[in-house]
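Input: a single structure, listed below in structure tokens.
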Amino acid sequence: MATANIPPTTEARDVFRELGYTVDENGREFVAERKWRRVLVTTLCMETDDLEPYLTDGGETPRLRCFVTWRNNAGELRDQLVSSKPPYDWAVIGIDADGEDFAVMEGAPGSP
């Protein structure tokens with residue numbers, strides 16, 4: 001069973017592999033690639049993470065970003081992204097505590 005204060009890093013890699021992406025093996029932020037898509041994936045636990053550095057531009061912004069957290073935190077993360085209006089296309093993946101299932105939440109209509 002997952003611990004809420006540990007990000008779902010292994011589970012996130014498994015989800016992207018299941019979706020046909022290749023992933024690198026570096027840390028809790030990694031790149032997933034498939035065909036022309038290159039997605040910067042960031043895993044977050046929400047309870048202990050400072051979200052601000054992840055949600056702001058910070059320089060060279062990737063075109064596609066995906067934030068992965070535990071499913072019970074995914075709605076809150078999506079709401080924070082909608083409010084902050086980051087300058088990139090994004091999605092949130094919420095992973096079940098057992099790591100067996102996940103849900104994808106996309107950005108608000110009309111967002112970049």
When ILE6, ILE93 are ranked with the fewest other C-beta atoms within 10 Å first, the list becomes ILE6, ILE93
Cut-off is 10 Å between beta-carbons; in what order do THR22, THR42 appear when sorted fewest neighbours first?
THR22, THR42
Sorted by Cβ density within 10 Å, fewest first, the residues GLU106, GLU25:
GLU25, GLU106
To the nearest 0.05, the calculated FRET efficiency linking LYS35 and VAL82 through their beta-carbon distance, R0 being 35 Å, is 0.80
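Each value in this text was obtained by applying a stated rule to the coordinates, not by laboratory testing. None of the values given here were measured: they were computed from a predicted structure. Cβ: placed from backbone, ideal geometry, glycine included. Neighbour counts: every protein chain shown.
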